[in-house]
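Participant: I am attaching a structure below and will ask some questions about it afterwards.
The values are calculated or read from the model by the stated rules, or taken from the named source; none is laboratory data. From a predicted model like this one, the values you see are computed outputs, not experimental measurements. Here the Cβ positions follow ideal geometry from the backbone for every residue, glycine too, while neighbour counts run over all protein chains shown.
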Amino acid sequence: MLVSKKYFTTLFIVLSAIITFIVLSYFKFNFKNEVTSSTNFKNLQNGDLILRCGRSTQSFAVFLADASSEFTHIGIIAIENNKPYVIHAVPCKNNILKKETLSEFINPKNTSKFAIYRSNYNAFLLDKVVKKANSFYKNKYEFDNKYDLTTDSKLYCTELVIKAFNTCGANLKINSKEFNYILGKHNIIYPSEFTKAPFFTRII
C-alpha cells in the first residue's frame with residue numbers, strides 16, 4: 001500500500017509539472033503581440049521569406065516541439081502589381097495551398113509576431129522560385145498532414161519553401177529534426193532553421 005501511494009504521489013507530481021509547463025508555454029505563446037501596422041513593406045522583393053508565430057493549435061504544437069523557435073510558420077513573398085502576397089502551406093478547410101495578401105497573412109487575429117528574411121540569391125533565380133511556388137498553388141497542391149518530405153504533390157510550409165528553391169537550382173541545405181506525432185515519426189524542417197541559415201538575412 002505504501003508503494004502504491006508513493007507511486008501515485010510521484011505520478012501526480014510529474015503530471016502537475018507537465019500541465020504547468022504546457023499552461024505557462026501557452027501563455028507565453030498566445031499572449032505576445034508584436035504585430036503593428038506601422039511596418040514599412042515598400043522594399044519587399046520576390047522570393048523574400050516571411051515567418052510568423054501563429055495562434056492556432058497546430059502552431060502551438062510546433063512551438064512546443066521546437067523550443068528554441070520564435071516562429072511556427074513560413075511562406076514565400078510574391079510581388080504582383082506592386083502588391084505583396086504570401087504563398088504558403090497551412091492546415092485549412094480544403095487543405096489546398098494558400099495565396100494571401102501580406103496583410104491577411106499577418107493579421108493579428110492569426111499572428112502574434114513575424115519577421116522577413118532575404119536571401120543572397122540573384123533576382124533571376126528568385127523570380128523562378130516564386131513562379132515555382134505559384135505553380136504549386138495553381139495546381140492546387142494539398143497540405144501534407146503526414147509531414148513527409150518524400151512526397152511532392154503534398155507540401156507543408158517549410159517543404160514548400162525548400163522545394164521551390166531547390167528545383168530552381170538554389171540547393172538549400174537546411175537541417176531537419178525528428179518529429180514524433182500520432183501518425184508516426186518523420187524528420188521535418190522547422191521554420192526556425194531558415195533563421196539560422198547563412199544565406200538568409202533578417203530585414204524586418
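Participant: Being modelled with pLDDT of 90 or more, surrounded by fewer than 17 Cβ atoms within 10 Å (Cβ to Cβ) and either basic (Lys, Arg) or part of a loop (DSSP other than H, G, I, E, B) (or both) is the filter here; which residues of region 132-156 pass it?
Facilitator: LYS138, ASN139, LYS140, listed by residue number.
Participant: Taking the stated definitions as given, is ILE189 of a type in the set (A, V, I, L, M, F, W, C), exposed (fewer than 14 other Cβ atoms within 10 Å of the Cβ) and within 28 Å of ASN120 (Cα to Cα)?
Facilitator: Criteria not met by ILE189.
Participant: Does any residue of region 174-184 turn out to be under 16 Å from ILE77 (Cα atoms) and either at pLDDT below 90 or of a type outside the set (Gly, Ala, Ser) (or both)?
Facilitator: no
Participant: Would you check if VAL90 is at negative phi, under 16 Å from the mean Cα position of the chain (by Cα), in a loop (DSSP other than H, G, I, E, B) and among the aliphatic types (A, V, I, L, M)?
Facilitator: In short, yes.
Participant: Okay, moving on. Residue by residue through region 126-151, note down the ones that are among the hydrophobic types (A, V, I, L, M, F, W, C) and closer than 18 Å to PHE194 by Cα.
Facilitator: Within region 126-151, the subset among the hydrophobic types (A, V, I, L, M, F, W, C) is 126, 129-130, 133, 136, 143, 149.
Scanning region 126-151 gives LEU126, VAL129, VAL130, ALA133, LEU149.
Participant: For the structure I just gave you, tell me whether GLU178 is without any contact (Cβ under 8 Å) to a residue 12 or more places away in the chain and outside any loop (DSSP other than H, G, I, E, B).
Facilitator: yes
Participant: Taking THR151 as the residue in question, decide whether it is touching a strand residue (DSSP E or B) at 6+ places or on another chain (Cβ under 7 Å), without any contact (Cβ under 8 Å) to a residue 60 or more places away in the chain and β-branched (Val, Ile, Thr).
Facilitator: Values: touching a strand residue (DSSP E or B) at 6+ places or on another chain (Cβ under 7 Å): no; without any contact (Cβ under 8 Å) to a residue 60 or more places away in the chain: yes; β-branched (Val, Ile, Thr): yes.
Considered against the rule, which asks whether it is touching a strand residue (DSSP E or B) at 6+ places or on another chain (Cβ under 7 Å), without any contact (Cβ under 8 Å) to a residue 60 or more places away in the chain and β-branched (Val, Ile, Thr), THR151 comes out as no.
Participant: I've got another one for you. Using beta carbons and a limit of 6 Å, which pairs, at least six apart or on different chains, have the first residue in region 87-115 and among the small types (Gly, Ala, Ser) and the second one buried (at least 20 other Cβ atoms within 10 Å of the Cβ)?
Facilitator: As it stands, the answer is ALA89/LEU97; ALA89/PHE143; ALA89/LEU155; ALA89/TYR156; ALA89/CYS157; ALA89/LEU160; SER112/CYS53; ALA115/LEU51, since those pairs meet every condition given.
Participant: How many of the residues making up region 93-123 are assigned to a helix (DSSP H, G or I), under 15 Å from CYS157 (Cβ atoms) and polar (S, T, N, Q)? First the steps, then the outcome.
Facilitator: Filtering region 93-123 down to residues assigned to a helix (DSSP H, G or I) leaves 102-105, 123.
Restricting the remaining residues to those that are under 15 Å from CYS157 (Cβ atoms) gives 105.
Filter once more, keeping what is polar (S, T, N, Q): none.
Final tally of qualifying residues: 0.
Participant: Touching a Pro at 6+ places or on another chain (Cβ under 7 Å), crowded, with 18+ Cβ neighbours inside 10 Å and among the polar types (S, T, N, Q): does that describe THR111?
Facilitator: Taking the combined requirement at face value, the residue does not satisfy it.
Participant: Please work out if GLU178 is within 25 Å of TYR117 (Cα to Cα), of a type in the set (D, E, K, R) and surrounded by 14 or more Cβ atoms within 10 Å (Cβ to Cβ).
Facilitator: The answer is no for GLU178.
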